[in-house]
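*Asks:* Starting off with a structure, shown below.
The values are calculated or read from the model by the stated rules, or taken from the named source; none is laboratory data. What you see is a predicted model; the values in this text were computed from it and never measured. Counting neighbours? That spans all protein chains shown, and the Cβs are built from the backbone with ideal geometry, glycine included. Keep in mind that these areas ignore ligands, DNA and RNA; they rest on the heavy atoms of the full protein, side chains included. Shrake-Rupley method; radii C 1.70, N 1.55, O 1.52, S 1.80 Å.
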Amino acid sequence: MKAKYIRVSTTEQNTERQRSDANERLKLYEDKVSGLIPFAKRPAGKRLIKDVKQGKINHITIHSVDRLGRDVVAMQKQLNWFIDQEVQIYAENIQMNLINEDGSMNSIAKMIIDLLGSVASLEMEAIKERQKQGIKIAQAKGVYTGRKPGAVMSNKNYLKRHRDVVSLLKDGFSINKAAKLTGKAFVTVRKVKNRIEFNASMSS
């Protein structure tokens, strides 16, 4: 049986674009969770893996390969798992099967995964470089002195800075798990949780 896997990051995002090409012959599996959450721990991802193991699904359509994971390692790992289970993956954005007839990964799929990894790395380096240049310019103008001792960031800006942690906590993940998945310190994640709870108490 064929299936279609859909994922968006939040409940507010619309899935109609990914649903548009689905038909009654495709069993839908839909997640509205952060991409930081491993595929096997997503609600719909869990169900899909279970059905694959039980032999109910042997062909899966996805919008793009990045639906399988947040980073290169996660995408590669999940795609390899499907290869081991002899499940074909079809990516709509490139209109191509990601697995060859002999069960190996399509060279185009490998190239896309590598490219996504390279782009992510380049974007991070570009952001760091822009920050350094901006600080140097501000210092030259005498308008940048660094963060003042004791300065406190507003709740809004703090939560915006750690939006990845916010997403995981709202999805029910513990502080320890959110810290592990985001690579951030336990104390940082705890501060995020405290600020979320403070905002909730102020609005109630």
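*Asks:* Determine the pairs where a residue that is among the charged types (D, E, K, R) and part of a loop (DSSP other than H, G, I, E, B), located within the range 1-18, has a partner that is modelled with pLDDT of 50 or more and open to solvent by 10 Å² or more (accessible area, probe 1.4 Å) with Cβ atoms under 9 Å apart, the partner being 6 or more residues away or on another chain.
*Replies:* E12/K32
*Asks:* Considering the range 164-181 alone, what residues qualify as being surrounded by 13 or more Cβ atoms within 10 Å (Cβ to Cβ) and under 19 Å from K32 (Cβ atoms)? Talk me through it step by step, then tell me what you get.
*Replies:* Keep residues of the range 164-181 that are surrounded by 13 or more Cβ atoms within 10 Å (Cβ to Cβ), which gives 164-171, 173, 175, 177-181.
Hits for the range 164-181 are D164, V165, V166, S167, L168, L169, K170, D171, F173, K177, A178, L181.
*Asks:* Going by the structure shown, is M124 open to solvent by 70 Å² or more (accessible area, probe 1.4 Å), within 25 Å of S64 (Cα to Cα) and either part of a loop (DSSP other than H, G, I, E, B) or modelled with pLDDT of 80 or more (or both)?
*Replies:* On the way: open to solvent by 70 Å² or more (accessible area, probe 1.4 Å): yes; within 25 Å of S64 (Cα to Cα): yes; either part of a loop (DSSP other than H, G, I, E, B) or modelled with pLDDT of 80 or more (or both): no.
In short, no.
*Asks:* Could you identify the single residue in I113, I108 that is modelled with pLDDT of 80 or more, part of a helix (DSSP H, G or I) and surrounded by 13 or more Cβ atoms within 10 Å (Cβ to Cβ)? Spell out the reasoning first.
*Replies:* Values: I113 fails: modelled with pLDDT of 80 or more.
Of the residues listed, the single one that is modelled with pLDDT of 80 or more, part of a helix (DSSP H, G or I) and surrounded by 13 or more Cβ atoms within 10 Å (Cβ to Cβ) is I108.
*Asks:* Quick check on the range 37-45. Is at least one of its residues in contact with an Asp or Glu (Cβ under 7 Å, 6 or more places away or on another chain) and surrounded by fewer than 15 Cβ atoms within 10 Å (Cβ to Cβ)?
*Replies:* Here is the first cut: in the range 37-45, the ones in contact with an Asp or Glu (Cβ under 7 Å, 6 or more places away or on another chain) are 37, 42-45.
Adding the requirement that they be surrounded by fewer than 15 Cβ atoms within 10 Å (Cβ to Cβ) leaves 43.
Yes, the range 37-45 has at least one match.
*Asks:* Looking for something farther than 16 Å from N106 by Cβ, part of a helix (DSSP H, G or I) and either open to solvent by 60 Å² or more (accessible area, probe 1.4 Å) or touching an Asp or Glu at 6+ places or on another chain (Cβ under 6 Å) (or both) - is there at least one such residue anywhere in the range 57-72?
*Replies:* no
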